[in-house]
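The structure appears below as structure tokens.
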Amino acid sequence: MTSKELLSGLFANLADDLKKYGFEPVYPSGARQGEAPIITRSGTSALINFAGEKGKLRLLYSDNKVWLLGAAADAVSEDDTDYASLSSNLFILDEYTAKDVVSVSNEMRETVEESFGKKDYFQKQIEKSNPKAVSRSAARSGSAAYDANTLALKLIGVYGQLRDPFNANMQTYGEFLAEDFFANEAAPLVRETIRANDPKKMRRLFNVFTELFDNGSNEVQDIICVTILGSIRNDPQLISNMLPYLSDPMLEPVTAVNRILGRSKAQRSRLEHPPKYKPKKKKKAKRPGSSLLGG
């Protein structure tokens, strides 16, 4: 058996299962639709790529093993650096037969159903990498300060609709980009609450701000005062609605920031146009067949 015959068999057995969960085969230029779009590498190594809105999958044969790999939607297709192993099976081309292809296909089908049928693999990866909130006891004891991650999670408790943008932020940048989230997602909702001025909702919102401002890091205090509450730009009605709910420590910095932003076009421009995001350099991961992917 050749690696192409192996991948052709896996493709025939698994393509419909992958399609059911939103993954379509990626056809290289010149490849015929409907046939297994196999890409060959050096030696006997070969692969087939699949892609969907959630991410990318790859069937890979390399070093006497066949792999099902998963990666984010922006993963580099040319190598396996950004991919993680969903499953791997020993497959020795000189010894294994078509029956073994069926057996491997069945195992991979179970992996696909487990990864995407019950709870989406990519969603699980997002939740796994999502930052955790600093506990109230840790913040109040002084052993830790509330951070931007905690502020985001607390606001999600107030505005449930922030959950999807929060996850999207993590998926887009590979880390939590606080300024983008608070300026573009949280601040508009906060302004709506202040404008509506419902006492119950205002107390709930400002209880969060008070708790995190009093026991938060400098970054959290800046986000609350400048990025979120500074976004009302000294609007007289919104200031009037907000004043009864501002704690003493918050009163002076919040009103001072709004006075500055209300009259300074340059300061507003800096807030509205932050420095361009620069992603962190990724560490090179080991390729399939290494201990990183269970080989």
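The values are calculated or read from the model by the stated rules, or taken from the named source; none is laboratory data. All of these numbers come straight from a predicted model, not from anything done at the bench. No Cβ is skipped: glycine too gets one built from the backbone with ideal geometry, and neighbour counts run over all protein chains shown. Each accessible area value is taken on the protein alone, full model and side chains, heavy atoms only, with ligands, DNA and RNA left out. Shrake-Rupley method; radii C 1.70, N 1.55, O 1.52, S 1.80 Å.
Side notes on the structure shown:
- Under the Debye formula (equal points on every Cα, no solvent term), log10 I(q)/I(0) of the stretch 14-78 at q = 0.20 Å⁻¹: -0.82
- Net charge of Cβ neighbours under 14 Å - reference Glu107; Lys, Arg +1; Asp, Glu -1: -2
- Stretchable slack from Glu110 to Ile260, in nm (0.36 nm times residue separation minus alpha-carbon distance): 48.0 nm
- Restriction of the GluC sites (Glu not before Pro) in the stretch 1-108 to DSSP coil positions whose beta-carbon has at most 10 other beta-carbons within 10 angstrom yields Glu53, Glu78, Glu95.
- Percent accessible area from carbon and sulfur atoms, the stretch 206-256, protein chains only, probe 1.4 Å: 48 percent
- Apolar share of the accessible surface for the stretch 28-122: 46 percent from carbon plus sulfur atoms, 1.4 Å probe.
- Remark: the stretch 10-114 carries 49 Å² of accessible area per residue (probe radius 1.4 Å; ligands, DNA and RNA excluded).
- Working note: Karplus 6.51/-1.76/1.60 with θ = phi - 60° gives the stretch 182-194 the couplings 6, 6, 9, 10, 7, 4, x, 5, 5, 4, 4, 5, 5 Hz, where Gly and Pro are set to x.
- Restraint check, Lys19/Lys65; Lys154/Lys201; Lys154/Lys200; Lys20/Lys65, Cα-Cα greater than 19 Å: Lys19/Lys65; Lys20/Lys65
- With 0.36 nm allotted per residue and the present C-alpha distance subtracted, the Asn13-Arg136 stretch has 39.1 nm of extension available.
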